[in-house]
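Beneath this line is the structure, given in structure tokens, with notes to follow.
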Amino acid sequence: MLTESFKQTLHNVHGEKGRAWMDAFPGLLQYCEKHWNLTIGKPFSLSYNYVAPAVLQSGHEAVLKLCVPGDEFLSELQALQLFQGRGMVELFDYNRERGVLLLERILPGNPLADLEDDSVAVVLAAKALDQLWAEVPLGTNLPSIKSREESMKRIERENKDGLANISAEHIKQASALFTYMIETSEKEYLLHGDFHHFNLLKNSVGDWTVIDPKGLIGEREYDLIQYFLNKWPQTNLKNIIRNRAEIFTRELKLNKKRLFLWGYCHSVLSSCWSAESGHDTDTIRAAEVFRELLLEEHIVLEVFK
């Protein structure tokens, strides 16, 4: 049930811990079937976690998500708990030690990516985020955007000559920009951390439900960037990014300058992550577009010189 590409991704991301998780996988499935008395269906398309539909003894449908236990899983679990009642998928149950989540199944479950009108999709995404974002709760230990800066700094140290098709210049500039953005950051919020077209699903009453939060603390503008890196057109990428930015900043009353700046540094970071996990790094194109838009807005910082 585990594809070779999925196995390779787990090994690239988690190393020996991922290999050990794969070895224990059959027993983990058996545990879930017995513990929740459910029947597990054929998995969905797999990326970084094992996700499959399931049917409970009562006949209710659910989704079973199996993750390699660790900090990322704990952050997702905490985010799911904190976002309950704010348009987030319902968390039925979980096992913290085994890295298991039992979730509501959203039906019909069509992703926002199915919408052909990009502007309409952006408006719907903005409404979902406006409901989702919240003040940072007391006592949370979710990671902040500082953790993303640290990841970018590590990549810079380890890749002095660039990484895949990502130039050393991009890496150096994105690293410096992360530092600048954090130092000049103002109000922080509880963020999704990986919000995009495929993490917003049509539900049974015709509204939209958010899924798969990473859990992150930081500026709202940062939470939009992964959306820009999904569902790209074959042509006119700059026009699409510019239009999305106009709608998001209008609907959510955000700072366009900071949106473009976050857009550049996160596009580089996302491309580096993709390279490290053996995936396509085409998202580096977005970094170039965000730089062009910054120049059009006459925003030139020292890090770009």
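Quick notes
- Among the candidates Thr235, Thr209, Thr249, the residue that is in a strand (DSSP E or B) and not charged (D, E, K, R) is uniquely Thr209.
- Looking across region 250-292, the residues that are farther than 13 Å from Phe228 by Cα, modelled with pLDDT of 95 or more and touching a Lys or Arg at 6+ places or on another chain (Cβ under 8 Å) come down to Glu251, Leu252, Leu254, Leu269.
- Here Lys17 clears all of (1) surrounded by fewer than 16 Cβ atoms within 10 Å (Cβ to Cβ); (2) farther than 21 Å from Ser274 by Cα except the condition numbered (2).
- Residue, farthest from Ile166 (Cα to Cα), within region 231-248, restricted to residues that are buried (at least 19 other Cβ atoms within 10 Å of the Cβ) and without any contact (Cβ under 8 Å) to a residue 60 or more places away in the chain: Ala245
- Taken over region 247-302, the criterion of being among the hydroxyl-bearing types (Ser, Thr, Tyr) and within 25 Å of Ser47 (Cα to Cα) is satisfied by Tyr264, Ser267, Ser270, Ser271, Ser274, Ser277, Thr281, Thr283.
- Residue within region 160-168 that is modelled with pLDDT of 95 or more, assigned to a helix (DSSP H, G or I), closer than 18 Å to Trp262 by Cβ and assigned by TED's automatic domain parsing to the domain that holds Arg291 present: no
- Just one of the numbered conditions (1) in contact with a helix residue (DSSP H, G or I) (Cβ under 8 Å, 6 or more places away or on another chain); (2) closer than 22 Å to Glu97 by Cβ; (3) touching a residue at least 24 places away in the same chain (Cβ under 8 Å) is not true of Asp71: (1).
- Failed item in (1) part of a helix (DSSP H, G or I); (2) surrounded by fewer than 23 Cβ atoms within 10 Å (Cβ to Cβ), with Gly263 passing the rest: (2)
- A single entry from Arg148, Arg154 fulfils the requirement of being in a helix (DSSP H, G or I) and free of Cβ contacts under 8 Å to residues at least 12 places away in the same chain: Arg154.
- Inter-residue pairs, beta-carbon under 9 Å, first not assigned by TED's automatic domain parsing to the domain that holds Lys256 and in region 280-296, second at pLDDT below 95, 6+ apart: none
- Cβ-Cβ distances below 6 Å connect the following pairs, each with a first residue in region 129-144 that is assigned by TED's automatic domain parsing to the domain that holds His192, a second residue that is part of a strand (DSSP E or B) and of a type in the set (A, V, I, L, M, F, W, C), and a separation of six or more residues or different chains: Leu132/Val210; Ala134/Leu190; Val136/Leu190; Val136/Ile217; Leu142/Ile217; Ser144/Ile217.
- Among the helices (runs of 4 or more DSSP H) confined to region 1-97, the ones with at least 3 residues that are polar (S, T, N, Q) and out of contact with any strand residue (DSSP E or B) (no Cβ under 7 Å at 6 or more places or on another chain) are located at 4-14.
- Where Val122 falls short, out of the listed (1) in a helix (DSSP H, G or I); (2) out of contact with any helix residue (DSSP H, G or I) (no Cβ under 6 Å at 6 or more places or on another chain): (2)
- Among (1) under 22 Å from Gly193 (Cβ atoms); (2) surrounded by 15 or more Cβ atoms within 10 Å (Cβ to Cβ); (3) of a type outside the set (Gly, Ala, Ser); (4) without any contact (Cβ under 8 Å) to a residue 24 or more places away in the chain, the one test that Leu115 misses: (1)
The values are calculated or read from the model by the stated rules, or taken from the named source; none is laboratory data. Everything numeric in this text was worked out from a predicted model, so none of it was measured. No Cβ is skipped: glycine too gets one built from the backbone with ideal geometry, and neighbour counts run over all protein chains shown.
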